[in-house]
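The values are calculated or read from the model by the stated rules, or taken from the named source; none is laboratory data. The structure displayed is predicted, hence computed values, not measured ones. Glycine also receives a Cβ, built like all others from the backbone with ideal geometry; neighbour counts cover every protein chain displayed. These area figures cover heavy atoms from the full protein model, side chains too; ligands, DNA and RNA do not enter into them. Shrake-Rupley method; radii C 1.70, N 1.55, O 1.52, S 1.80 Å.
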Amino acid sequence: MPSTVLVGTQWGDEGKGKITDLIASHYDYVVRYQGGNNAGHTVVHGDTKLALHLMPSGVMYENATPVIGNGVVVDPGALVKEMAMLQAEGVSCDNLKISCNAHLIMPYHKDLDGADEKVLGKNSIGTTKRGIGPCYQDKAARKGIRVQDLMDEKIFRLKLEAALAQKNPILDKIYGLHTYTVEEICDEYLPYARILAPFMAETTQLLNEAKRAGKNILFEGAQATMLDIDHGTYPYVTSSSCSSGGAPIGTGVGAMAIGKVIGIMKAYTTRVGGGPFPTEQRFPENGGVGEEAETGEALCAIGHEYGVTTGRKRRCGWLDLVIGKYAVDVNGLTDIALTKLDVLSEFDTIKVCVAYEHEGKRYDYCPMQQSVLFHAKPIYEELPGWKGVDISECRTFEELPENAQRYIEYVEEFVGAPITMISVAPERDATIYRNWSFEY
Ligand code: IMP
């Protein structure tokens, strides 16, 4: 049975939570392969809304085993807290498996994340300050401390001592921050080790054996294509491989195991943090005036665009199809799930970006140079809207207003991948399936 990857096609917050929720119960394993507790999505549990940050959403389904793969960075304190929250809500975490090769986020990673951002000033990335970047830095520098190191106190102390010999002078001399002792960190982390030990596993072997036994695996991407360390808007990205290529790397399951790649595409665009965003409709506080500011504010308000992890107001703009096409290529998308289409029901006409213009040159593809994307002016196509028609009750493509159907067809034709799911309201059943199949 080929596996499925679910990825964001924009800058995150495309509504992965709802789509994961719709399909996860069909899978035996739901696996996170990158990122850490910088992610955030809301899942509905009975009458309660729960925010997941690090836990794979498979935890919500009894039949699914949630797995934290080797490519994830784990803040053990955050994980223990999330598990306690879930257990208090009656969600069992007993099946959780954590890769022994995943790297640990240490207290100094969080300090350095905040300090680096401060130094960057107005060029700051707008990170979540969860220590993600500094932890991946140590991983790439081969100086990281891994989940497996928690299993042996002696090794943990040795590695920590070596790490602090380098980190303390940086914290103290460069940033004037608090330094750490081995004892101080051991006092915090060793109790986590005792709690997490039963969940630590050889997840590469586990997943490959599951494949051999014909089990279904869902790789659950966090963040999104344009935040990918290689393919995103570097340096305004996160520090991991969020696109579908990250799944084999971050889990140890070979690339040929993947048969379906579903890209989640919001019907408009949002971005949290700094960096280029050609179709942004700036808020008044960011310099937007007139129609631009009105559109930005309307998308934010109607779409409830506030961060789950940080509560920050997200930057909003029209759908960028140049980026959509790029995401189809980078991820090898077989399907697109178009989300929040209902948010567009408030507009007379709807703009989609079909190319960029910079210094007299037209770009039909993502420009090679970051500076070009930063200053690129979007070239829009304006499509007729379906203003005032409530589409939230539509359950088939044919029930949608004609202009909504044309919009969908325009998007899929432009980007070159079929839109097989359309979300028309937050509720689970407010979804249109269109030639959708779990078969490949
Ligand atoms: P970091 O991942 O905390 O290092 O932040 C790097 C960039 O990725 C910042 O612009 C964050 O706002 C963005 N980012 C990280 N996680 C998410 C997410 O789950 N949704 C949207 N943006 C994110």
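Can you pull out the residues in region 255-269 that are part of a strand (DSSP E or B) and within 16 Å of the ligand (Cβ to nearest atom)?
263, 264, 265, 266, 269
Filter region 223-254 down to residues that are more than 12 Å from the ligand (Cβ to nearest atom) and not in a loop (DSSP other than H, G, I, E, B) and give me whichever is farthest from residue 5 (Cα to Cα).
249
Scan region 108-136 and report the pairs whose first residue is surrounded by fewer than 20 Cβ atoms within 10 Å (Cβ to Cβ) and whose second residue is among the basic types (Lys, Arg) and not in a helix (DSSP H, G or I), with Cβ atoms within less than 6 Å and a gap of 6+ or a chain change.
So the pair list comes out as 114/129.
Which residue out of 324, 317, 296 is within 16 Å of the ligand (Cβ to nearest atom), open to solvent by less than 50 Å² (accessible area, probe 1.4 Å) and modelled with pLDDT of 95 or more?
Every option except 317 fails the conditions.
Could you identify the single residue in 272, 330 that is within 14 Å of the ligand (Cβ to nearest atom), open to solvent by 20 Å² or more (accessible area, probe 1.4 Å) and within 20 Å of residue 233 (Cβ to Cβ)?
So the residue among 272, 330 that is within 14 Å of the ligand (Cβ to nearest atom), open to solvent by 20 Å² or more (accessible area, probe 1.4 Å) and within 20 Å of residue 233 (Cβ to Cβ) is 272.
Residues checked against (1) of a type in the set (A, V, I, L, M, F, W, C); (2) touching a strand residue (DSSP E or B) at 6+ places or on another chain (Cβ under 7 Å); (3) modelled with pLDDT of 95 or more; (4) buried (at least 16 other Cβ atoms within 10 Å of the Cβ):
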{"site": "335", "(1), (2), (3), (4)": "no, yes, yes, yes"}
{"site": "340", "(1), (2), (3), (4)": "no, yes, yes, yes"}
{"site": "349", "(1), (2), (3), (4)": "no, yes, yes, no"}
{"site": "373", "(1), (2), (3), (4)": "yes, no, no, yes"}
{"site": "390", "(1), (2), (3), (4)": "no, no, yes, no"}
{"site": "401", "(1), (2), (3), (4)": "no, no, yes, yes"}
{"site": "411", "(1), (2), (3), (4)": "yes, yes, yes, yes"}
{"site": "435", "(1), (2), (3), (4)": "no, yes, no, no"}
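Do you know which residues across region 8-46 are away from the ligand (no atom under 16 Å from the Cβ), modelled with pLDDT under 90 and either assigned to a strand (DSSP E or B) or within 11 Å of the chain's Cα centre (by Cα) (or both)?
Hits for region 8-46 are 44, 45.
Being over 17 Å from residue 101 (Cα atoms) and outside any helix (DSSP H, G or I) is the filter here; which residues of region 132-179 pass it?
Hits for region 132-179 are 175, 176, 177, 178, 179.
Collect the residues in region 154-166 that are within 22 Å of residue 68 (Cβ to Cβ) and either touching a helix residue (DSSP H, G or I) at 6+ places or on another chain (Cβ under 7 Å) or among the aromatic types (Phe, Trp, Tyr) (or both), keeping them in residue-number order.
155, 156, 159, 160
Based on what the data block shows, is residue 367 under 29 Å from residue 128 (Cα atoms) and assigned to a loop (DSSP other than H, G, I, E, B)?
yes
Tell me whether region 309-326 contains one or more residues that are free of Cβ contacts under 8 Å to residues at least 24 places away in the same chain, β-branched (Val, Ile, Thr) and either under 28 Å from residue 397 (Cβ atoms) or not in a helix (DSSP H, G or I) (or both).
no
Across region 159-183, what is the number of residues that are more than 31 Å from the chain's Cα centre (by Cα) and surrounded by 14 or more Cβ atoms within 10 Å (Cβ to Cβ)?
The qualifying residues number 4.
Which members of region 193-209 meet the condition of being more than 14 Å from residue 68 (Cβ to Cβ) and open to solvent by less than 30 Å² (accessible area, probe 1.4 Å)?
Scanning region 193-209 gives a single hit, 193.
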